[in-house]
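Below: one structure, written as structure tokens.
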Amino acid sequence: MSSLIPLRHLRQLSTTAKSSISISQAKSKLRTEYDPDKALEIYSSVSEHYASPTSSRYAQDLTVRRLAKSHRFADIEKFIESHKNDPKITQEPFLCTLIRSYGRSGMFDHAMRTFDQMDQLGTPRSSLSFNALLTACTNSKQFEKVPQLFDEIPNKHGVSPDKVSYGILIKSYCEAGKPEKAIETLRLMEEKGIEITAVTFTTIFNALYKKGNGEEAENFWNEMVKKGIEVDAAAYNVKIMYVHGGNPDNVKALIEEMANAGLKPDTISYNYLMICYCRNEMMEEAIKVYEGLEGNACNPNAATFRTLIFYLCSSEDYDKAYKIFKRSVEVHKIPDFNTMRHLVEGLVKKKKMKEAKGLIRTIKKKFPPNVLVAWKKVEEGLGLTSSDRNASSVPDDDEAKEATA
DNA sequence: CTAGGGTTAG
């Protein structure tokens, strides 16, 4: 019933692959290529002789994501199915990648069918493919189906669930808003002697907080610590997430507690602190957190720039906001449309026309065409036209910087 | 050893 589509069909999806490129070249190209057809073209031009499994998986994953974003499900099917002709299909990790890719695209039925085909393809089954199937299930948002698979698959195919399988089951209960079922499963793991890691713990801890049950969450934390579980930065970040709406001192205290416990606060931890300062109109403190990131061995991420620039605009510090915006462009982490609109409107209001025009030039180069349609309205609202003479003249320092980036 | 958790919205 399942016909395996020949590899040559993959070529039909893309235009001619002119030259061979290395997997690392493909990866960097794919990261910035959002056109699904071009992504396919890049993928099919890879000479895969020396590609590591991790690299190929990443390139494949990016390609599928581009197609999924454009809802090209028939092409996703052709693309993934073509991989079943690869001799590596008898290797379980390779096949797992296909199952996960279907899951990411919300195509759980295809993932299930691929799992069922394993006998026919000659691929041995272990908890690895079982876990890939469960992951596909949660990624397809079919959380209610996970417990069912958990009941059926192990007996049917002789695979035994491991700590990861149980972790996914727990996650699915949490997503379904049933932390009590998740805790029940945790007790079952304890009975069976299956290791409870920081990952499993954090899933439940977060779900309890999310349900508004902070006290139970804290009790759960304490119980787990007593049992010897080693909480990590991600677990602390959940805690921080639920206190960052209040007093910045609480966030600061938790970050210190983390450091004292020998953990390294990461960008997410510091972002919560920065946001907390912003909300409390303590912009100098917020900027200090941003400027201190590097010294704390952290890099600002897209959210760091987006949030800080937004709040700087709210406090009408457009100079500082513009400076930080330029930095975000240098590291390719440009904020979203709305934040940029706030900034350009503020710059114009303060008659900082050189900066406003610099920003507009950058936006035109960095935003996708469909967003630029809306952006044109912003420009018109500000009385700035696109056919500006300055734009075509000698590049200023903004453009020079971008050219070397 | 990989897989499963936390991504912060003004």
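General remarks:
- Checked against the criterion of being farther than 28 Å from A:Ala356 by Cα and not in a helix (DSSP H, G or I), segment A:281-298 has at least one qualifying residue.
- Candidates A:Ile229, A:Ile153, A:Ile168: the one that is open to solvent by less than 40 Å² (accessible area, probe 1.4 Å), modelled with pLDDT of 95 or more and under 27 Å from A:Thr267 (Cα atoms) is A:Ile168.
- Elements of type helices (runs of 4 or more DSSP H) contained in segment A:133-192, each with 1 or more residues being under 21 Å from A:Met107 (Cβ atoms) and not acidic (Asp, Glu): A:145-157, A:163-175
- Residue within segment A:272-279 that is in contact with a Phe, Trp or Tyr (Cβ under 7 Å, 6 or more places away or on another chain), of a type outside the set (S, T, N, Q), modelled with pLDDT of 95 or more and more than 9 Å from DNA strand B (Cβ to nearest atom) present: no
- In summary, A:Gly228 fulfils each of the numbered conditions (1) in contact (Cβ under 8 Å) with a residue 24 or more places away in the chain; (2) at positive phi with the single exception of condition (1).
- Test: residue in segment A:289-303 that is within 14 Å of DNA strand B (Cβ to nearest atom) and without any contact (Cβ under 8 Å) to a residue 24 or more places away in the chain: yes
- Subset tally (residues that are away from DNA strand B (no atom under 11 Å from the Cβ) and among the β-branched types (Val, Ile, Thr)) for segment A:173-217: 2
- Residue pairs whose Cβ atoms lie under 9 Å apart, separated by 6 or more positions or on different chains, with the first residue in segment A:240-258 and among the hydroxyl-bearing types (Ser, Thr, Tyr) and the second assigned to a helix (DSSP H, G or I) and surrounded by 15 or more Cβ atoms within 10 Å (Cβ to Cβ), are A:Tyr242/A:Asn206; A:Tyr242/A:Tyr209; A:Tyr242/A:Lys210; A:Tyr242/A:Ala217.
The values are calculated or read from the model by the stated rules, or taken from the named source; none is laboratory data. Treat the numbers as computed from the prediction; the structure is a model and nothing was measured. Glycine gets a Cβ as well: all are built from the backbone with ideal geometry, and neighbour counts include every protein chain shown. Protein only, heavy atoms only, side chains kept; ligands, DNA and RNA dropped before computing areas. Shrake-Rupley method; radii C 1.70, N 1.55, O 1.52, S 1.80 Å.
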